[in-house]
Amino acid sequence: MRRAIVLVVLALSIPLAVDAAAHPPTVGEPEATTAPPEIVLARWDAKPRVGPESILRVIAHDPDGVIWDVAVWWGDQSFSLATTYCVEGQNTGEPVRVLMGHEYRRPGTYTVRVQVTSYPSCDAAGVDHELSKKARFEVKVAR
């Protein structure tokens with residue numbers, strides 16, 4: 001009985017080995033790439049202070065796609081996400097302008113990170129997304 005099981009396993013694996021040899025992997029071949037989305041601007045409208053909401057202005061674009069959302073990590077263990085839903089920047093390559101508000105509760109120096117997500121088109125949301133590199137900068141929040 002053991003011989004029969006071993007033979008069945010070997011018989012099943014032989015076609016896979018032959019098929020893999022007939023179609024070797026394409027290691028080292030360049031993949032088709034597209035330009036990633038980029039953050040053009042991430043700037044405060046006014047110097048952030050403790051208490052009132054501070055506004056961060058973000059401008060982003062993808063030369064061969066549409067910006068779908070903007071994510072901000074504020075550096076104080078909070079996070080915001082603004083989704084454009086293609087209301088702005090409906091055309092491929094069109095820049096998107098987003099204003100994001102945040103209220104800091106304590107003075108100090110915070111590291112803010114911004115990242116955008118893009119899709120090939122407004123109809124393609126949910127598939128083949130691309131992420132920008134994270135823009136990273138420090139902000140000093142005063143009383």
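Summary of values
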quantity	calculated
Test result for residue 76, more than 16 Å from residue 36 (Cα to Cα) and surrounded by fewer than 20 Cβ atoms within 10 Å (Cβ to Cβ)	yes
Within the stretch 68-110, considering residues that are acidic (Asp, Glu) and touching a residue at least 24 places away in the same chain (Cβ under 8 Å), the one nearest to residue 48 (Cα to Cα)	103
Residue ID - farthest from residue 86 (Cα to Cα), chosen from residues in the stretch 117-135 that are touching a strand residue (DSSP E or B) at 6+ places or on another chain (Cβ under 9 Å) and part of a helix (DSSP H, G or I)	124
Among (1) surrounded by 12 or more Cβ atoms within 10 Å (Cβ to Cβ); (2) at pLDDT below 95, the one test that residue 123 misses	(1)
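A quick yes/no check of all residues on (1) crowded, with 18+ Cβ neighbours inside 10 Å; (2) of a type in the set (Lys, Arg); (3) within 16 Å of residue 39 (Cβ to Cβ):
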site	(1), (2), (3)
89	yes, no, yes
94	no, no, yes
99	no, no, yes
103	no, no, no
107	no, no, no
112	yes, no, yes
119	yes, no, no
129	no, no, yes
143	no, yes, no
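The values are calculated or read from the model by the stated rules, or taken from the named source; none is laboratory data. If you're wondering where the values come from, they're calculated on a predicted model, not measured in any experiment. Glycine gets a Cβ as well: all are built from the backbone with ideal geometry, and neighbour counts include every protein chain shown.
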